[in-house]
Amino acid sequence: MNIHHLELFYYVARHGGISRAVQKMPYGIQQPAVSGQILLLEQDFGARLFERNPFRLTPEGEELYAFVRPFFENLDAVGSRLRKRAAPLLRIGAAEFVLREHVPAVIQRLRKLHPGIRLGLRSGYDYELEAWLQEGQIDFAVTAVDHHLPANLHSLPLLRLPLVLLVPKKSKYKAAGDFWAQTPVEEPLISLPAVEPVTRLFQKGLRRLKVDWPVSIEASSMDLIAWYVANGQGIGVSVALVTIERRAGIRVLPLPGFDPIVIAALWRGKPTPLITALLEEGRRYVREVWPQWQCEDAIRTPRSGGTA
């Protein structure tokens, strides 16, 4: 049985005749061609499917139309669902506060260029993001980088954020140097895990000052650090971000002499058009929101291979 013949029969039965079907067909076909192919279908079944003048389906035609109608009438809906699911998928990994506070603004801009884009968002530690990128579990990451990357990973430094200390609003401490004057430092220290770049850079700065300040509370996110500081649980290690600085119950103390943390966009292999567009929108966002901390690299073409 020729499936195309069934399609022609569906349109003839739906519109009540061959001439009307030809006018309604979604593609061009001449009436004689339709008539000839319907005759071949009837020969294949060994039964007449409809009376020509006036038009009327035969019992065999009624049965066949009832069978093929659901299939052809649902084709457009199925095609629409499949095309929707086949829209580009971009899997982005970052810290949770980055995904919540900053990625939505960039994606909103990206959707103007790629309105059908689908997103997969995954939060994690910096070392996890790099591993997921290597394993192909995500396509793009925004993460802190303080080491040379593997050769197959490409990077675009976006920001150099100063490290800061978070203290309770009513704290007696007015500057970071007030802590170095103590031997040892008495206040509990709240920080990310030791493997995180922010923690490594902070401890590196402490070693230069010959200050020993072990972590008392290990937190999984910047938000959690700020929350515990605001509740009087200790002093937090963080980065200079407006969203943190505006949090009620805390004050921010700069850390002069400490190395800044580099926030970079990472991807693997040659960037797809979607990733290229995301990089461009991300650079625009950085220029608008953090012009004072923008990396020079964020203005130039992305570089690749083991950079930080």
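The values are calculated or read from the model by the stated rules, or taken from the named source; none is laboratory data. Predicted, not measured: the structure shown is a model, and the values here were computed from it. Quick reminder, even Gly has a Cβ in these numbers, built from the backbone with ideal geometry, and neighbours come from all protein chains shown.
Condition first: touching a residue at least 40 places away in the same chain (Cβ under 8 Å) and among the charged types (D, E, K, R). Now tell me which residues in region 75-132 satisfy that. Scanning region 75-132 gives Arg91, Glu96, Glu101, Arg109, Asp126, Glu130. For Phe97, state whether it is touching a helix residue (DSSP H, G or I) at 6+ places or on another chain (Cβ under 6 Å), outside the structural domain of Glu288 (by TED's automatic domain parsing) and either surrounded by 13 or more Cβ atoms within 10 Å (Cβ to Cβ) or β-branched (Val, Ile, Thr) (or both). So Phe97 does not fit the description; no.
Hey, can you tell me all the residues within region 122-137 that are surrounded by fewer than 17 Cβ atoms within 10 Å (Cβ to Cβ) and not polar (S, T, N, Q)? Arg122, Tyr127, Ala131, Glu135, Gly136 - these are the residues of region 122-137 that are surrounded by fewer than 17 Cβ atoms within 10 Å (Cβ to Cβ) and not polar (S, T, N, Q).
Scan the helices (runs of 4 or more DSSP H) fully inside region 188-294 and keep the ones with 1 or more residues being outside the structural domain of Trp132 (by TED's automatic domain parsing) and polar (S, T, N, Q). In region 188-294, the matching helices (runs of 4 or more DSSP H) lie at 197-209, 242-245.
A quick yes/no check of all residues on (1) within 33 Å of the chain's Cα centre (by Cα); (2) buried (at least 18 other Cβ atoms within 10 Å of the Cβ); (3) at pLDDT 95 or above; (4) closer than 25 Å to Trp293 by Cβ:
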residue	(1), (2), (3), (4)
Gln182	no, no, no, no
Pro193	yes, no, no, yes
Val198	yes, yes, no, yes
Glu218	yes, no, yes, no
Ser221	yes, no, no, yes
Ile225	yes, yes, no, yes
Gly234	no, yes, yes, no
Val239	yes, yes, no, yes
Val242	yes, no, no, yes
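Being of a type in the set (Val, Ile, Thr), under 30 Å from Gly136 (Cα atoms) and not assigned by TED's automatic domain parsing to the domain that holds Trp227 is not true of Ile38. Given the structure, is Ile250 touching a strand residue (DSSP E or B) at 6+ places or on another chain (Cβ under 8 Å), farther than 15 Å from Tyr125 by Cβ, of a type outside the set (Phe, Trp, Tyr) and modelled with pLDDT of 95 or more? No: the conditions fail for Ile250.
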